[in-house]
Amino acid sequence: MPLRIGAVLLLLITLGLSWVLGGWAGYRQVEQESLEESFRYRQLVANELNRYLPIPELMAEHPLMEQALLNPNDSRVILQANEEMQRMATIVGSSDVYLMDTSGLTIAANNYLQEDSFVGSNYAFRPYFSEAVATGDSVIYFALGLMSGVRGLYFSHPIRSDRGRILGVIAVKVLVHELESQWHRPASLSEAEMVVLDGSGISFLASRPAWLYRDFSGGHQGELPLETRQRYPDRELRPMETERLGLPWGLSETSAKIRIQSPEGDRQDYLAVRTPLPRLDWTLQVMVSTAPVLWSRLGFVVAGLAIYFGVLLAWLYLRERYRREAELALRGEQLERRVAERTRDLEHSNQQLLAEISERERAQSELRETQQELIQAAKLAVLGQMSAGLNHEMNQPLTAIQTYARNSRRFLEKGAMDMVDANLSEIITLCDKMAELTRQFKVFARKSEGPPSVVDLRQSVDAALKIIKAQKNSAGIDIRWNRPEQPVMCHGDLIRIEQVMVNLLANAVQAVEEREAPVITIDVLPVDGHWRCTVRDNGYGLPGNTEQIFEPFFTTKSVKQGLGLGLSISRQIVDALGGTLTGRNRADGPGAEFVLTLQQREATE
Ligand code: ADP
């Protein structure tokens, strides 16, 4: 799982980085605090020094000093000098003021009345005396008092004669414990410690009493210089047990991490910042505990962990989101592809359907044409059948006309004009009959081209009957046509309905041929928005399967009598007109009955 390894690695890096950065920030903070404390204390010490520095010089100007030095045996002058120094010490607030001659012998002092008075002591070995004589200028020196053993700052200045010769040195001693006590102020850090080291690295001011008069230099091997030992009489000046732990990353050169083993036995780590103090070769070392660094590190680690987990969660969330989006996009793509495929399939099947439809339409039109041709063929067949009867029908009137014409000629010769006229009338009537007969056949033979319209069913029946009655075999048949008074308007085509009726009637005529009392009945009745036209006969009836008779070329007759197409064509014609044609045997007696229904229509005229 490289992802998990990466996450763990990143966690470790974050922890390490937070730890290092926390340390850096913590040390910087501690160093900053140390520097602030150093600065404050530096100012304090500088103020103190500046306050006392000009005082010995001012005192040296006093004429009494010169007088005392010039007349050391004049007890009156010496007394005056002693009293003056006492006054000065009081005014300045110093612990001691005293006057030394060129040999270093104290000839007057403010404490002249005390038992441990400086008067009579020789301080020629003290640098504040020797340096003042040597340089002829003010000197500041720190040391423990020889008599008192109390820490003091010594300010000295040479006293010169009118001609500039050095006559002696005046010294002012100031106690330093005040400087120490001023370190601890309420606002200062409780964890901050301080030591002031002299040029040899000996601490003479310390925030902790145990750290006083200790060697912080860490470099002195064996004996300390004589001058140093003289400065701190009767003090051991033991080296301080400090361990330098190096310079933390990112800090200035003046800082160092140290571990101090205190005389009480506890060990503590500090960040030590060293700063030189003004005017003197003193060094201020401020030490602040490094404990807050640990807290800073822990704070950074917590913050680092929070950022790490925040980033990790955000990354996981974004990764999941992108994954889902990618999945959705993929699904969308798949869906689109499927839709496109489906559309292609649909288009393909649509095209197939269109092709099938056009094929079907073509087949239907072919069928229609074939039907027309069949109807035509059937009609011609009927014409063929009727040709014998027609022959008879035509011959009869022709013979009659011939007879009438011959008779008319004879009547003309006789001059019997009225008879001629009567014969001519007969001839005309016969001609009309023949013309009507041929007209009917002409109508029957023609094709119907027009679309269906609203027609009177009665007219079609009338026309069909005329054709049927013209046939020889219809003679002697009782054809009962119950013709309605009102027009029978229906959806259809005169010629086509007439063709259907001719077929039905021709079949009926053939069926009743053998009967003794042949009867054919035609009725028209309205039923549920339709006209129902029934053709009944009392013939031999239909064969067993009545639906079979509507199949093309089904016939029970000889070739001369029928082709078996009449009913099949009739049904197709009626279907095309939105009607029905059914046939069955009569329930009320022998014979068949055919029912033709057509939709009722309002008369358009
Ligand atoms: P065709 O008359 O040329 O035989 P059709 O289709 O008109 O052809 O009639 C099919 C068959 O239906 C006839 O052969 C006959 O058997 C039967 N048929 C039709 N009309 C009648 C009827 N009125 N009475 C008895 N049988 C009939």
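The values are calculated or read from the model by the stated rules, or taken from the named source; none is laboratory data. Keep in mind the model is a prediction, meaning the values are calculated, not measured. Neighbour counts are summed over all protein chains in view; Cβ atoms, including those assigned to glycine, are modelled from backbone coordinates with ideal geometry.
Based on this model, can you work out whether PRO209 counts as out of contact with any strand residue (DSSP E or B) (no Cβ under 8 Å at 6 or more places or on another chain) and surrounded by fewer than 13 Cβ atoms within 10 Å (Cβ to Cβ)? Yes: the conditions hold for PRO209. Right, ILE522: more than 10 Å from the ligand (Cβ to nearest atom), at pLDDT 85 or above and buried (at least 20 other Cβ atoms within 10 Å of the Cβ) or not? Yes: the conditions hold for ILE522.
Checked against (1) closer than 19 Å to ARG368 by Cα; (2) modelled with pLDDT of 85 or more, GLN600 passes all but condition (1). Reported count of residues in region 277-314, each being outside any helix (DSSP H, G or I) and in contact with a Phe, Trp or Tyr (Cβ under 8 Å, 6 or more places away or on another chain), is 9.
If the condition is being within 19 Å of ILE573 (Cβ to Cβ) and of a type in the set (A, V, I, L, M, F, W, C), then region 520-551 contributes ILE522, VAL524, TRP531, CYS533, VAL535, ILE549, PHE550. Residues that are at pLDDT below 85 and either within 7 Å of the ligand (Cβ to nearest atom) or touching a Ser or Thr at 6+ places or on another chain (Cβ under 6 Å) (or both) within region 562-589 comprise GLY562, LEU563, GLY564, LEU565, GLY566, SER568, listed in sequence order.
The set of residues in region 569-597 being more than 13 Å from MET501 (Cα to Cα) and touching a Gly at 6+ places or on another chain (Cβ under 9 Å) consists of LEU577, GLY578, GLY579, ASN585, ARG586, PRO590, GLY591, ALA592.
Got a sec? Which strands (runs of 3 or more DSSP E) wholly within region 201-276 have at least 1 residues that are of a type in the set (A, V, I, L, M, F, W, C) and touching a residue at least 40 places away in the same chain (Cβ under 8 Å)? Fully inside region 201-276 and qualifying: 203-206, 267-276.
Determine which member of the set ALA68, ALA109 is of a type in the set (A, V, I, L, M) and in contact (Cβ under 8 Å) with a residue 40 or more places away in the chain.
On the way: ALA109 fails: in contact (Cβ under 8 Å) with a residue 40 or more places away in the chain.
After applying the criteria, what remains is ALA68.
So for region 515-530 (the condition being touching a residue at least 40 places away in the same chain (Cβ under 8 Å), more than 24 Å from GLN471 (Cβ to Cβ) and among the β-branched types (Val, Ile, Thr)), does at least one residue qualify? Full working, then the answer.
Let us first name the residues in region 515-530 that are touching a residue at least 40 places away in the same chain (Cβ under 8 Å), namely 518-524, 526-527, 529-530.
Narrowing further to those that are more than 24 Å from GLN471 (Cβ to Cβ): 526-527, 529-530.
Still in the running and among the β-branched types (Val, Ile, Thr): 527.
Yes, region 515-530 contains a residue that is touching a residue at least 40 places away in the same chain (Cβ under 8 Å), more than 24 Å from GLN471 (Cβ to Cβ) and among the β-branched types (Val, Ile, Thr).
Against the condition in contact (Cβ under 8 Å) with a residue 24 or more places away in the chain and within 16 Å of the ligand (Cβ to nearest atom), how does ARG480 come out, does it pass? Taking the combined requirement at face value, the residue satisfies it.
Among the conditions (1) at pLDDT below 90; (2) crowded, with 18+ Cβ neighbours inside 10 Å, ARG446 misses just one, which is (2). A count restricted to region 283-335 and to residues that are buried (at least 16 other Cβ atoms within 10 Å of the Cβ) and within 29 Å of GLY16 (Cα to Cα) stands at 12. Beta carbons closer than 8 Å, at least 6 apart along the sequence or on distinct chains, pair a first residue in region 492-508 that is closer than 18 Å to ASP523 by Cβ with a second that is assigned to a loop (DSSP other than H, G, I, E, B) and within 16 Å of the ligand (Cβ to nearest atom) for ALA508/GLY539. Taking the stated definitions as given, is GLU320 farther than 30 Å from ILE569 by Cβ and acidic (Asp, Glu)? Considered against the rule, which asks whether it is farther than 30 Å from ILE569 by Cβ and acidic (Asp, Glu), GLU320 comes out as yes.
Quick check on region 532-553. Is at least one of its residues over 19 Å from VAL461 (Cα atoms), more than 10 Å from the ligand (Cβ to nearest atom) and of a type in the set (Lys, Arg)? No - not one qualifying residue is present in region 532-553.
Can you tell which of ASP462, ASP421 is acidic (Asp, Glu), at pLDDT 85 or above, under 30 Å from SER558 (Cα atoms) and in a helix (DSSP H, G or I)? Explain how you work it out, then say what you get.
Details: ASP421 fails: under 30 Å from SER558 (Cα atoms).
One residue alone meets the criteria, ASP462.
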